[in-house]
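Participant: Dropping a structure here in structure tokens format, bear with me for questions.
The values are calculated or read from the model by the stated rules, or taken from the named source; none is laboratory data. These numbers were taken from a predicted model, which means no experiment stands behind them. So basically every Cβ, Gly included, is an ideal-geometry build from the backbone, and we count neighbours across all protein chains shown. Calculation scope for accessible area: heavy atoms of the full protein, side chains included, ligands and nucleic acids excluded. Shrake-Rupley method; radii C 1.70, N 1.55, O 1.52, S 1.80 Å.
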Amino acid sequence: MRVRFKPLAALAALVLALTFAAPVVAQQTPTLGAPETTTDAPPPPETTDSGNGGLETWQQVLIFAAGLILLGGIGFAIVGDARERTRKFSHHTGEEVATGVPHKHSQAAKKRARAKARAAKAQRRKNR
């Protein structure tokens, strides 16, 4: 019974496709049975000038300059925001980097961490 089902399904799909294809073909005829009307339009007048309908050179330069200014403004805003966020979320004030002074807070923290590690190592040795 399964072998017989595939040809019936294919036949049903074909009938369904042809059913929906008939209205589509009917829509492609533009007049739908009405007589065709022909209009004779006069040809467009021929021009002898070149008719450069584009932009003038100064207009092109102005648009290009405006684009560059816009891109520069966007870049300036991005860099300014990045610097502001760096200052806001940074752990140092930025003055140490600017003046060339070493990071005293970082060095003190390292010194405490090393002392703590030495004490822990000594405690482990003691507890053996």
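Participant: Going through segment 65-92 one residue at a time, which ones are within 30 Å of residue 109 (Cα to Cα) and aromatic (Phe, Trp, Tyr)?
Facilitator: Listed by number, the list holds a single entry, 89.
Participant: I'd like to verify a number: residues in segment 99-120 that are modelled with pLDDT of 80 or more and open to solvent by 100 Å² or more (accessible area, probe 1.4 Å), how many?
Facilitator: Qualifying residue count, segment 99-120: 7.
Participant: Can you tell me which of (1) modelled with pLDDT of 80 or more; (2) open to solvent by less than 100 Å² (accessible area, probe 1.4 Å); (3) of a type in the set (D, E, K, R) is the one residue 96 doesn't meet?
Facilitator: Looking at each condition in turn, residue 96 falls short on (1).
Participant: Still on this structure, I have one more. When you check residue 13 against the structure, is it surrounded by 10 or more Cβ atoms within 10 Å (Cβ to Cβ), modelled with pLDDT of 75 or more and not in a loop (DSSP other than H, G, I, E, B), yes or no?
Facilitator: On the way: surrounded by 10 or more Cβ atoms within 10 Å (Cβ to Cβ): yes; modelled with pLDDT of 75 or more: yes; not in a loop (DSSP other than H, G, I, E, B): yes.
Criteria met by residue 13.
Participant: In segment 36-57, what residues are modelled with pLDDT of 70 or more, exposed (fewer than 10 other Cβ atoms within 10 Å of the Cβ), in a loop (DSSP other than H, G, I, E, B) and not small (Gly, Ala, Ser)?
Facilitator: Looking only at segment 36-57, we keep the residues that are modelled with pLDDT of 70 or more, and these are 36-47, 53-57.
Now restrict to residues that are exposed (fewer than 10 other Cβ atoms within 10 Å of the Cβ): 36-47, 53-54, 56-57.
When the remaining residues are screened for being in a loop (DSSP other than H, G, I, E, B), the result is 36-47, 53-54, 56.
Across segment 36-57, the qualifying residues are 36, 37, 38, 39, 40, 42, 43, 44, 45, 46, 47, 56.
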